[in-house]
Amino acid sequence: MATEGDTRKRKRRGGKGRARNKSHKNNTVTSSSTTTTTSHSKQIIPNKTSNSSCSIPIKSSNFLDKMKARLSGGHFRMLNEKLYTCTGNEALKFFKEDPSLFSMYHVGYQEQMSHWPELPVNVIIKWLKDHDPSFIVADFGCGDARLSKNVKNKVYSIDLLSSDPSVISCDMSKTPLESSSVDVSVFCLSLMGTDFPSYLQEAYRVLKPRGWLLIAEVKSRFDPNTGGADPNKFSKAICEIGFITVKKDSSNKMFILFFFRKKDEQLRDVNDIEWPELKPCLYKRR
């Protein structure tokens, strides 16, 4: 029979046991919680670091790229309008004051051309490859001199300014080429100045008799329905200098091509010819 003292001893032992069990459970939970927290800290902290170091710069970079593109596009439109609304000599003086502007213009020009399904310079390159490789070519307004880099012909690349030493920098109405020295004169999207007839006069001067004149221009400049020049009147004016029309190709939706050949003698001076106005090709803001 249990005495009162035995009962008190059991209670004391039971209390200590429960305390030990409770302490053991708490230690287990604490240890588990610590392990879980530690495990989570290894997974979560790197992710936060990854997000802060990767996603933010990407967004910033995208924003800066867009802003640079808009600024570049704005500069190109301004410079493009300048070239269409001044004489060749004025453009030459303008870009000589800050040659970096001419480089900026050509960066914008190349970006615009990247949206065209076909480039007129490639059509002209193909035409030259289909003709005599001994033809000497004068490329008026050559830009990056792509024509000279893609044909076997000897090419005089001419433009207002260039960092390329192979390019002749000058007013296109007054080149250093000798008279009757080239077989082909090319204007690929380069009849831009208000005095463009003087460029054609110079092309006539440097061409040999029966030499070729190739002109590629933005099609909208020769659409009378939208304020452009009548292509037939344009051809007629060129023929009055002393050329004959060989072909007009308007099959491309972006540009029109004219092919002329030089007569033996000049008929009229360009200043005595009534020229149709070629409207500026101004790019809209994207």
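The values are calculated or read from the model by the stated rules, or taken from the named source; none is laboratory data. These figures come from a predicted structure and were not determined experimentally. Please note: Cβ atoms are built from the backbone with ideal geometry, for glycine as well, and neighbour counts cover all protein chains shown. Remember, those area values only see protein heavy atoms, side chains included, never the ligands or the DNA or RNA. Shrake-Rupley method; radii C 1.70, N 1.55, O 1.52, S 1.80 Å.
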- Of 208/248; 96/233; 93/208; 93/129, pairs whose Cα-Cα distance is over 28 Å: 96/233; 93/208; 93/129
- Task: Roll a 1.4 Å probe over the protein heavy atoms and report the accessible area of residue 275 in Å², nearest 10.
- Result: 50 Å²
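Classify the range 99-225 as rounded, prolate or oblate, taking a ≥ b ≥ c as the square roots of the eigenvalues of its Cα gyration tensor: rounded when a/c is under 1.5, otherwise prolate if a/b is larger than b/c and oblate if not.
It is rounded, given that a/c, with a ≥ b ≥ c, falls under 1.5.
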- Farthest positive-ward along the range 205-280 dipole, Cα basis, beta-carbon charges - from 257, 220, 267: 257
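If you take the square roots of the eigenvalues of the alpha-carbon gyration tensor of the range 225-285 and sort them as a ≥ b ≥ c, do you get rounded (a/c under 1.5), prolate (a/b over b/c) or oblate?
oblate
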- Message: Keeping all protein chains in the complex and leaving out DNA, RNA and ligands, what accessible area do you get for residue 174 with a 1.4 Å probe, in Å² to the nearest 10?
- Response: 150 Å²
- Task: At 1.4 Å probe size, with no ligands or nucleic acids counted, give the accessible surface of residue 261 in Å², nearest ten.
- Result: 60 Å²
- Note on the structure: Listed by chain and number, the aspartates and glutamates with an alpha carbon less than 17 angstrom from that of residue 174, same-chain partners under 8 positions apart left out, are 90, 139, 159, 195, 202, 269
